[in-house]
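None of the figures in this text is laboratory data; all of them are computed from the coordinates on show. Not measured: the values here are computed from a predicted model. Ideal geometry is used to build each Cβ from the backbone, glycine not excepted, and the neighbour counts take in all protein chains shown.
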Ligand code: SF4
């Protein structure tokens with residue numbers, strides 16, 4: 001499917017009344033969707049039916065997801081003005097889906113000094129950022145309290161910036177290096193200025209899949225423990241899934257069922273972000289273990305399913321322009337998404353895995369895409385406070401043309417983040 005076909009497909013569903021699409025769907029699908037539209041919670045079996053929908057069933061699923069989005073969250077398309085900082089690409093973990101990591105002896109390995117990071121934060125704030133999003137590789141030479149000290153350095157100089165940082169994998173590693181329990185370690189980071197945690201390193205929350213993707217990575221029990229502990233300590237997190245590699249539909253449904261169960265317990269997730277697997281520069285692809293799927297139906301299915309399965313628990317379903325490209329991400333606004341992610345300003349992880357979406361999207365472009373979808377773009381904070389009337393300076397475009405830093409790569413990716 002090319003972009004025009006994907007757009008036409010979504011537009012046609014948008015223009016067709018629900019009852020017409022429902023009448024064309026199977027009886028089982030109709031029953032599941034009507035239950036969901038009536039605020040009933042889908043069972044995992046119904047979730048599987050929705051996630052594997054094809055043909056007329058898929059059209060009805062997308063319509064129901066779009067209606068649920070309109071009812072629950074309205075017509076606003078939110079985004080955050082943020083800057084991504086991948087502070088090191090040195091990593092010993094060796095995830096099979098990662099094109100970002102480097103060994104420290106490789107010529108393009110880097111580990112930014114604090115001063116470099118602080119200069120990037122200062123630049124981001126000058127360009128209107130309210131959030132710094134930071135993740136990096138798992139560096140074997142990292143000082144024991146690096147994450148805490150980096151946070152303290154940023155928050156001392158820039159007390160108002162929201163720092164969204166350190167995946168559960170980094171929290172696990174940091175806690176080990178500091179010889180602290182997760183609770184004690186996360187509380188220490190919170191007190192040093194950590195505002196929220198990315199719910200990345202989740203990939204698929206199934207240990208049999210994780211063993212193949214990365215046997216050194218944080219396992220399901222540790223991921224859940226870190227996330228729930230953060231929530232209990234008042235540190236919200238996002239939630240994610242990486243789809244389109246070796247996972248089965250059942251594992252996807254179980255993943256969302258687990259996210260849903262955590263949210264019922266803690267209420268600490270701010271959003272759910274489906275992240276398409278970017279295959280090009282990854283071991284998984286080179287070994288022939290994955291066959292990349294075309295953009296289109298798999299993504300529509302994932303976003304619509306997430307909207308419906310998480311209904312009533314997680315309202316914000318975020319599309320990922322880094323993984324999908326800006327134009328296609330805008331199409332997914334019609335299949336259940338309400339959030340357009342962030343401006344990023346710099347992104348290396350997806351870029352290094354072969355993503356080609358670029359590293360920065362200006363506010364003007366997000367506004368234009370939202371308008372084209374018949375919606376209105378609204379800037380938000382990391383924690384979804386609407387910042388009505390605010391407009392980042394110069395549309396959050398670079399203030400002046402700047403030379404690219406040595407680690408700056410155009411593209412997208414599946415990494416720690
Ligand atoms: S995904 Fe993260 S932990 Fe895994 S190899 Fe890449 S940088 Fe390292």
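Before moving on, here are some points about what is shown:
- Per-residue [θ]222 nm for the chain (sum of -39500 (n - 2.57) over DSSP H runs n ≥ 4, rounded to 500): -13000 deg cm²/dmol
- Here each label is just a point 7 Å from Cα along the line to Cβ, and for residue 160 and residue 280 those points are 3.9 nm apart.
- Inter-part distance where segment 1-52 and segment 229-261 are each reduced to a Cα centre, Å: 22 Å
- The chain: most fluctuating residue of 266, 116, 238 per GNM, C-alpha cutoff 10 Å: 116
- Bridges between two residues of the chain, per DSSP, are antiparallel at a rate of about 15%.
- A Förster radius of 56 Å combined with the Cβ-Cβ distance from residue 248 to residue 126 puts the calculated FRET efficiency at roughly 0.75.
- Cα gyration tensor, segment 76-413 - rounded (a/c under 1.5), prolate or oblate: rounded
- Angle between the chain longest axis and helix 249-266 axis [Cα atoms, degrees, rounded to 10]: 70 degrees
- Segment 158-253 shape via C-alpha gyration tensor axes, a/c threshold 1.5: prolate
- For segment 96-123 and segment 187-219, distance of Cα centres in Å: 19 Å
- Extension gain for the segment residue 14 to residue 144, taken as residue separation times 0.36 nm less the Cα-Cα distance, is 41.5 nm to one decimal.
- Going by neighbour counts of Cβ atoms within 10 Å, the residues 20, 93 line up, fewest first, as 20, 93.
- Shown is the FRET efficiency for residue 388 and residue 327, computed with R0 = 35 Å from the Cβ-Cβ distance and rounded to the nearest 0.05: 0.85.
- Between helix 220-232 and the chain: long-axis angle, C-alpha atoms, 0 to 90°, nearest 10: 80 degrees
- Footprinting exposure proxy ranking of 381, 196, fewest other C-beta atoms within 10 angstrom first, gives 381, 196.
- Gained length - residue 114 relative to residue 293, 0.36 nm times residue gap less alpha-carbon distance: 60.5 nm
- Inter-label distance, nm, simple model (7 Å from Cα along the C-beta direction), residue 376/residue 76: 0.9 nm
- Straightening the chain between residue 2 and residue 54 buys 16.9 nm, computed as 0.36 nm per residue apart minus the Cα-Cα spacing.
- C-alpha long axis of helix 182-191 to longest principal axis of the chain, angle in °: 80 degrees
- As a rough footprinting exposure proxy, the listed residues 359, 106 were ranked by other beta carbons within 10 Å of their own, and the order from fewest upward is 106, 359.
- Taking 7 Å steps out from each Cα toward its Cβ at residue 181 and residue 39 produces label points 3.9 nm apart.
- Segment 1-96 shape via C-alpha gyration tensor axes, a/c threshold 1.5: prolate
- Relative contact order, percent, segment 3-72 [alpha-carbon distance under 8 Å, six or more residues apart]: 41 percent
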